[in-house]
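The values are calculated or read from the model by the stated rules, or taken from the named source; none is laboratory data. All values derive from a computational prediction rather than experimental measurement. Because the Cβ atoms are built from the backbone with ideal geometry, glycine has one as well, and the counts that use them run over all protein chains shown.
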Amino acid sequence: MNLLNKKIIKYPIIILASVILLFIFFDKLIMPWVVSAEEIIVPDVVGSDKISAIEELKKIGLHPIEQGPKYDENVPKDHVIFQTPRQGATVKIGRRVYLYISGGEPLIKMPQLLGKTVRDAKITVERLGLEIDTLINVRSEFPAKTVVEQSRKEGEFLSKGEAVTLKISIGPQIGMVRVPNLIAKSLSEAERILRELSLKIGKRTYLSSPNLLPNTIIDQYPGEDKLVSYGDSVDVVITQSR
C-alpha cells in the first residue's frame, strides 16, 4: 500500500476517534453535571426595589440581569416591574433571571415657549404635566405679555410636576418706539409716517431706477420693528430719475 492510500485511510480514522472521545466526554462528565445540578424555585421579586431583588436572587444561586429602564407611572422608580422566569418556576442553580426595572413616570420634553402669550404658555405647560412657579416681568422689544425667556431649555427632559420660571415682556422701555416699514413708500409719505411717531428722515442716498417712480424709498436703516428713541432718524435710500 503506497503512502497516499495510507493517508486516505488514516484521516477518517482520526476523525471518527475524535468524535467518539467527544461523545464520551460529554456523556460521562457534562451530562451528569447538568442532570445532577440542584434545582430551585424562582422567588417573586416583582415590586421589590432592584437592590433587594438582586441580593435575594444571588443568595440562592441565581444570576440576576437588569433590563430597562421601562417607564411606568404605576411602579416606583428602580423597582422591578416584571421578571422572567416568573415566580414559582423550577430552574437550575446559576440560571439567569431577567429583571425589568421601572424608570418611574415617563419624562416630559420641555417645549419651546418663547414668543407665546402667557395664556398659551400656561396651557401648553399644564397639558404636559409641568407647572409654572414664577412669572418675572421684564422690559423687552417683544410685545407685552409674551414669553421672552424660559428657565428650562427646549428639548430638556423633566419629571412630571417640575416647575418652570418664565420671563414675561411688559413691552419696550418708556420713550422707545418701533421703526415702521417705509419700503415702496414715497418720500413725502415716509416723512409723514415718521413725523406721527416723533421720528424723522436722516441720511438720504439717491439711486437711479428705471422701474420705479422718483422719490420712492427702496431701503431703510434701522429696519422695520427695530426699537429706537423718540426723535431718532431713519436713513433711507431713494430713487431718482436719470
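Picking from residues in segment 105-124 that are aliphatic (A, V, I, L, M) and under 16 Å from the mean Cα position of the chain (by Cα), the one that is farthest from Pro69 (Cα to Cα) is Leu113. The listed residues are Ile81, Ile136, and the only one of them that is over 23 Å from the mean Cα position of the chain (by Cα) and farther than 30 Å from Gln173 by Cβ turns out to be Ile81.
Residues of segment 182-197 include none that is over 17 Å from Lys116 (Cα atoms) and touching a Gly at 6+ places or on another chain (Cβ under 8 Å). Here the condition is being touching a Ser or Thr at 6+ places or on another chain (Cβ under 8 Å) and at pLDDT below 90; of Val228, Val148, Val177, Val237, it holds for Val177 alone. For residues in segment 171-196 being exposed (fewer than 13 other Cβ atoms within 10 Å of the Cβ) and farther than 30 Å from Ile238 by Cα, which is farthest from the chain's Cα centre (by Cα)? The residue in question is Ile174. Condition check: surrounded by 13 or more Cβ atoms within 10 Å (Cβ to Cβ), at pLDDT below 90 and charged (D, E, K, R). Does Asp72 satisfy that? Against the criterion (surrounded by 13 or more Cβ atoms within 10 Å (Cβ to Cβ), at pLDDT below 90 and charged (D, E, K, R)), Asp72 qualifies. Being in a strand (DSSP E or B) and either of a type in the set (Ser, Thr, Tyr) or farther than 30 Å from Gly104 by Cα (or both) is a description that does not apply to Val164. Within segment 179-204, residues that are without any contact (Cβ under 8 Å) to a residue 12 or more places away in the chain sit with their Cβ atoms under 7 Å from residues that are not basic (Lys, Arg), at 6+ positions apart or across chains, in these pairs: Glu191/Ile201. The test for being over 28 Å from Ile174 (Cα atoms) and of a type outside the set (Phe, Trp, Tyr) holds for Ser186. For segment 54-68, does any single residue satisfy the condition of being part of a strand (DSSP E or B), closer than 30 Å to Ile40 by Cα and modelled with pLDDT under 90? Scanning segment 54-68, I find at least one residue that is part of a strand (DSSP E or B), closer than 30 Å to Ile40 by Cα and modelled with pLDDT under 90, so the answer is yes. Filtering segment 190-242 to residues that are over 15 Å from Arg178 (Cβ atoms), of a type in the set (A, V, I, L, M) and part of a loop (DSSP other than H, G, I, E, B) leaves Leu212, Leu213.
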